[in-house]
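Read the structure below first, then the notes.
Laboratory data are not the source of any read-out in this text; all were calculated from the coordinates shown. Bear in mind that the values here come from a model prediction, so they are computed numbers and not experimental data. Glycine gets a Cβ as well: all are built from the backbone with ideal geometry, and neighbour counts include every protein chain shown.
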Amino acid sequence: MRVNHVGEICAQALYTSQALTTRNPALRAHFTQACIEETDHLAWTEQRLAELDSRPSLLNPLWYAGAFGLGLLAGRLGDPVSLGFVVETEHQVGAHLQSHLDRLPAADHASRAIVTQMREDELRHADAAKQAGAMDLPAPVKGLMRAAAKLMTTVAHHI
């Protein structure tokens, strides 16, 4: 659940920075609404961590800063790139959450409910970004994003 919490920290940063960089008021509203939904996810994962007698990542400020910077960069490259970044990020998050569901004990109904709802929301965010004009990112960019996510999830699991 700590890794999922970190993902929500990053989502806050990404959507906030992307909302700041777009000049399109409708897109800014889209990013802001997604950020609000991610705030719910953040609260759910934080509460579940407490229930599991666990703690958030000690590196949360670093995760936030890094994701904020990536969101600024994506936003500065233009709305289609920024939206493409959302699509790829949310697809990768959806896959991660599905793998988490596959590993969670069937009896852990609370964690399963949180992860299931988060996955549905993330995939809906990807679909909305695609409909808003996302470009398909080049394969090397997607690969770098996967590698960065793997590093983040591995470190966040432990620290």
- prompt: Given H placed on each backbone N at 1.01 Å, which residues far from Met135 in sequence or on other chains put an amide H within less than 5 Å of it?
  reply: Val81, Leu83, Gly84
- prompt: Sorted from fewest to most neighbouring beta carbons within 10 Å, what does the list Ile9, Ile36 look like?
  reply: Ile36, Ile9
field: Spin-label pair Gln33/Asn60, simplified geometry with 7 Å Cα→Cβ offset, distance in nm
entry: 2.8 nm
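Based only on other Cβ atoms within 10 Å, what is the fewest-to-most ordering of Met135, Met1?
Numbers: Met135 16, Met1 23.
Fewest-to-most ranking of Met135, Met1: Met135, Met1.
Multiply the residue gap between Leu77 and Asp108 by 0.36 nm, knock off their C-alpha separation, and tell me the result in nm, one decimal place. Write down the numbers at each step before the final one.
Details: separation 31, 0.36 × 31 = 11.16 nm, distance 4.19 nm.
Length gained between Leu77 and Asp108: 7.0 nm.
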query: Given only helices, namely DSSP H runs of n ≥ 4 each adding -39500 (n - 2.57), what is the per-residue ellipticity at 222 nm of the chain, to the nearest 500 deg cm²/dmol?
result: -29000 deg cm²/dmol
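Just want the ordering: Thr154, Thr21, Thr39, from fewest to most Cβ atoms lying within 10 Å of their own Cβ. Working shown, then result.
Values: Thr154 11, Thr21 20, Thr39 14.
In increasing order of surrounding Cβ atoms, one gets Thr154, Thr39, Thr21.
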message: Given a 10 angstrom Cα cut-off, can you work out which residue in Val93, Val141, Val115 is the most mobile in a GNM of the chain?
response: Val141
